[in-house]
Every structure is written in C-alpha cells, then in structure tokens.
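Report on the structure given below.
The values are calculated or read from the model by the stated rules, or taken from the named source; none is laboratory data. On a predicted model such as this, the values are computed, not experimentally measured, just so you know. Cβ placement follows ideal geometry from the backbone for every residue including glycine, while neighbour counts extend to all protein chains displayed.
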Amino acid sequence: MFVVTQFNSASLNRHIKNTYHFDTFQSGFVDILAAEQTPESQTWFQGTADAVRQSMHHLMQHDFDYVLILSGDQLYQMDFKLMADFHVEKNADLTIATLPVNANEATEFGIMKVNEQGMISEFIEKPKADVLPNWKSPADKENKKKGKEYLASMGIYIFKKEALKRLFKENPDATDFGKGIIPASISSGYSIAAYQYDGYWTDIGNIYSFFEANLALCDAIPQFNLFDNFKQVYTRPRSLAPSKIFGTKFNQSVLAEGSIIHASKIDRCVIGIRSRIGKKSVLKNCVVMGNDFYQTLEEIVLQKEEIPMGIGENCYIENAIIDKDCRIGNGVKIIGDKSLNDAETEQYCIKEGIIVVKKKAVIAHGSMIGKV
C-alpha cells in the first residue's frame, strides 16, 4: 500500500476536497493534512521534510509499505505505478524521480551522480556552474546530443516506510529533503535509486512559468495534452451550461464551459469557467480564470453596480493573468511587456512583464495599465 503526500496550497486543497470522492465499497481515500501545532512541534511547517515529519502521526494510523511524496508546483503527466514498480524492483530505501537537464538548467536543481545500475552515489543542491562538469551522469545518445547530461531531482520521492522513519529519527533537525534528508541518506549508506522520467515536465512555481505553461495548452498539439485517451486529467464536474459565442473570432485558444463571449477577437488565450467578455474587446496571450458564480442582470440592477463581473466592452488586454471574480470596466487597456518593472498595487501586480489582476479586483472604466 502507498500513502501519497503532496505539498499544497489552499486552492489546491479546495480542489482536491471537492473533486475526489470515493464510494463506500473502496478502501482508497483522499485526506488533506493542513499545517498544525502539536505537543512535539510548536512551529508551522519549516520545509518539505518537516511537513512530512509533522504529518507522520496521521500517516502511521494506516497500514502501508511505501510513501510517495509529490510537489504541488509542477505540471507533468507521470505514471506513478511505473516509478513504484521500479522502486520495488531495485529494493531501494528511497527512489528519486529525475529529469535530464542541460548545464544552464542544472544550477536551479538538486543534481545527482548516478551509476550504470541506476543508483545514486552523490547529491548536490543547486550547484555552482564551475563545479558542474564533475556532476555528469550516464545519458543516452538523444540526451547527450541535447546537452542533457545532468540528472535533476524533480522533488518526487518514494520511501520505504521504515527507512523514512529512521531518517527522520537520525536527522531530527533536517527540514528539507533536498538540503537535509537526501544528502544524509547518501552519507549513511542508504540504498537510493534514480527513476529517470523523460516526458513533459515544467515548474509552475512562479508567475512567468505558470503563465507560459497555461498558454502552452493552446498549441496545436500541446506537450501537456488534455485531449488524450490514456493520460486523462480529471476535474470536479460542475454541470455548467455550454458557452455562448456572439461573433467572436477565436484563434488558438481554450474555452471553458459556462462562458458568455461577445469579444471581437481572442488570440492564444485560456478562458476559464463562467467568463464574461464584452463587445469589441480584444484579448491576446491571456489567462482568464473566470468567475466562481454567475451575476445576473437583476443583481446588477438591484445592486446598482457600475462595473459588473467580467471584462467590459472595448477593452484591449495582452500578456496578462486575470484572476477570479474580477470586474474590468469598459475601454480598459492592460498590456504586459518584458520592459516593465516589477510593481504591485492593491488591484494588480507586474511580475517579469506579466500583469496579474488580483482576485476580485475592480478596474475602473478607461484605466490604462502597463505598456499602453
């Protein structure tokens, strides 16, 4: 039996809680373990390893042999059963999922030396460029041709239960897997295997990478393919009405259900659920999260709201993320650009050239934000 733990956020917690429900005839379940203070620990989670350590008293209430630990800020499609089979076959105390990377990328990851048998002998966290040549691992011809001769940790681990318990006991001050537990396990002679993953993977831990990963879904054949019979991505069924389009020209975009679109053009955008976009508006390279509920015409009239939920008429928005439940007035221009300096206001922020309109923000009619 496997116990799966994942480092997550409040919105991810809510998604998991509302999505994964099993019937009474199955033994599987999904539970959310939030940070808590206990008699053994008066602090909140101090790192990845500390989060699992502080949750162990919950895990130990169940009968299991292995623990699969995932990261919550990555996008990938991995069959964990293949990794689990590899871990059992190697009889490893710990298996780390690895990804081939080039020298430019390697300095941002934990890098390991792996022998011909697929076992890890050394590990270094975010090595400096001058020491990298000493950290190459065996690579196939294709990866060598691409310069991907370094194996990076994906932050995905499988531990034997007893090995994880011992490592926590032997290293009580280690708060992070990459900086503490993994180096300690190598120096203590634990058996550590490297499971090489060669599929699509991207980090979405910052605004720019999150933005790029979402827009990549608009590609003709995206690497993270939602239209796949075998690698299906499940979400919470909301039973929304179909989207309605009024003369809008769509190009290379993804449109969720329940939306009402009057815009003149939408180019390479991800449009979320219940989105409303007014007449003659143009959106380019945008991620629109949509709305959590519908605002009826009656509500708008009764509440005398000047700017209803959604994007108004005659707007131009480019290189932007529009968070949930925003109200953007008519004639608004929002244009992100790499030349812009990072900034933050009550209604929006600019990060790496991407303008993020914050959740429930109200942008007045005629406002101009960014490079306009």
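A few remarks follow.
- Qualifying residue in region 318-334 (condition: among the polar types (S, T, N, Q), closer than 23 Å to Leu217 by Cβ and under 29 Å from the mean Cα position of the chain (by Cα)): yes
- Highlighted here are the strands (runs of 3 or more DSSP E) found entirely within region 262-372 that include at least 1 residues which are out of contact with any strand residue (DSSP E or B) (no Cβ under 8 Å at 6 or more places or on another chain): 348-351.
- Residue in region 11-23 that is among the small types (Gly, Ala, Ser), at pLDDT 80 or above and in the same structural domain as Ser188 (by TED's automatic domain parsing) present: no
- Checked against the criterion of being touching an Asp or Glu at 6+ places or on another chain (Cβ under 6 Å), surrounded by fewer than 16 Cβ atoms within 10 Å (Cβ to Cβ) and closer than 30 Å to Asn251 by Cα, region 199-215 contains one or more residues that satisfy it.
- Count of region 57-90 residues which are closer than 13 Å to Phe159 by Cβ and surrounded by fewer than 15 Cβ atoms within 10 Å (Cβ to Cβ): 3
- Subset of region 201-219 [without any contact (Cβ under 8 Å) to a residue 60 or more places away in the chain and of a type in the set (S, T, N, Q)]: Ser209
- Leading residue by the ranking (farthest from Gly366 (Cα to Cα)) among those in region 301-319 that are modelled with pLDDT under 90 and aliphatic (A, V, I, L, M): Leu302
- Yes/no for Asn285 being of a type outside the set (A, V, I, L, M, F, W, C), under 23 Å from Ile354 (Cα atoms) and either more than 19 Å from the chain's Cα centre (by Cα) or modelled with pLDDT of 95 or more (or both): yes
- Some residue of region 241-255 being modelled with pLDDT under 95 and among the aromatic types (Phe, Trp, Tyr): no
- Just one residue in the set Gln42, Gln46, Gln61, Gln37 is more than 30 Å from Arg236 (Cα to Cα), modelled with pLDDT of 75 or more, among the polar types (S, T, N, Q) and in a loop (DSSP other than H, G, I, E, B); that residue is Gln46.
- Filter result (of a type outside the set (Phe, Trp, Tyr), closer than 18 Å to Cys286 by Cβ and over 19 Å from the mean Cα position of the chain (by Cα)) within region 342-354: Gln347, Cys349, Ile350, Gly353
- Taken as a whole, the condition of being touching a residue at least 12 places away in the same chain (Cβ under 8 Å) and touching a Phe, Trp or Tyr at 6+ places or on another chain (Cβ under 9 Å) does not apply to Val362.
- When Glu313 is tested against (1) more than 24 Å from Asn18 (Cα to Cα); (2) without any contact (Cβ under 8 Å) to a residue 24 or more places away in the chain; (3) touching a Gly at 6+ places or on another chain (Cβ under 6 Å), just one condition goes unmet, and that condition is (2).
- The numbered conditions (1) surrounded by fewer than 18 Cβ atoms within 10 Å (Cβ to Cβ); (2) modelled with pLDDT of 95 or more; (3) under 22 Å from Ser239 (Cβ atoms) are all true for Asn341 except (3).
- Within region 119-133, not a single residue is in a loop (DSSP other than H, G, I, E, B), crowded, with 21+ Cβ neighbours inside 10 Å, at pLDDT below 90 and in contact with a strand residue (DSSP E or B) (Cβ under 8 Å, 6 or more places away or on another chain).
- Any hit, region 256-278, residues being over 21 Å from Ala216 (Cα atoms), of a type outside the set (D, E, K, R) and touching a His at 6+ places or on another chain (Cβ under 8 Å): yes
- In region 228-268, the residues that are among the aromatic types (Phe, Trp, Tyr) and surrounded by 10 or more Cβ atoms within 10 Å (Cβ to Cβ): Phe246, Phe250
- Note on region 154-256: no enclosed strands (runs of 3 or more DSSP E) hold 2 or more residues that are in contact with a Leu (Cβ under 8 Å, 6 or more places away or on another chain), assigned by TED's automatic domain parsing to the domain that holds Glu125 and among the basic types (Lys, Arg).
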